[in-house]
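Structure first, then comments.
A short reminder: the numbers here are calculations on the coordinates, not readings from a lab. Predicted model, so just to flag it, every value in this text is computed and none were measured. Methodologically, a virtual Cβ is constructed for each residue, glycine included, from the backbone with ideal geometry; neighbour enumeration extends over all protein chains shown.
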Amino acid sequence: MPHGQPSGDCRTIRSLAPGDFAEVDAILQESNLAFALSALLPLQSEPALGRAVAYVCERQGRIVGFLAWRDLGDEAEILDLAVARQFRRQGNARFLLENFLRLVRERGIREIFLEVRESNAPAIALYRSFGFAATGRRPNYYRNPDEAALLLHLKVSG
């Protein structure tokens, strides 16, 4: 996954690099997500047990999306998946998620967990389209505004 996967519209995916922090931070700020880039330091280009790893989606040399996750052995946790506002509803989150799922299958990961804002209908619909199911709810998980998180889970098949 770190070397990029071209698609019809010149979309690629690669490991987050130190020079990407400003662009990714801007995406995280506008998305109002909980993830902190400091969780990735020192940067890991390959998954390692217990460490967070991040990938970016690029289009025409510009970072348009970001996926951070933690390798927990047989399980993985998606920490954040965000796309810049002007590049939403164009398949960028789907592209990141498809490539992430391919990677976890290759690594033998069997289950994936994540939290998503209860009001984030587009994200919930995306995750459900991949087979994620709600398994619980965490009240007051998010801030600004205060909101519950839905807990989602996916059993990964071969």
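Couple of notes before you dig in:
- Taking trypsin sites (Lys or Arg not before Pro) across the stretch 51-101, the ones in a DSSP loop with at most 10 further Cβ atoms lying within 10 angstrom of their Cβ are R89.
- Of the residues L67, G91, L79, the one whose Cα sits farthest toward the positive end of the charge dipole of the stretch 52-115, with +1 on the Cβ of Lys and Arg and -1 on the Cβ of Asp and Glu, is G91.
- Least to most buried among E111, E106 (fewest other Cβ within 10 Å first): E106, E111
- Near-label residues of the stretch 98-114 by backbone N, under 12 Å of a point 7 Å along Cα→Cβ of S129: 98
- Note on D146 and N120: their simple-model spin labels are 2.0 nm apart, each label 7 Å out from Cα toward Cβ.
- Modelled label positions at R62 and E111, each set 7 Å beyond Cα in the direction of Cβ, lie 4.0 nm from each other.
- Compactness of the stretch 81-158 - radius of gyration and Dmax, Cα, Å: 13.2, 39
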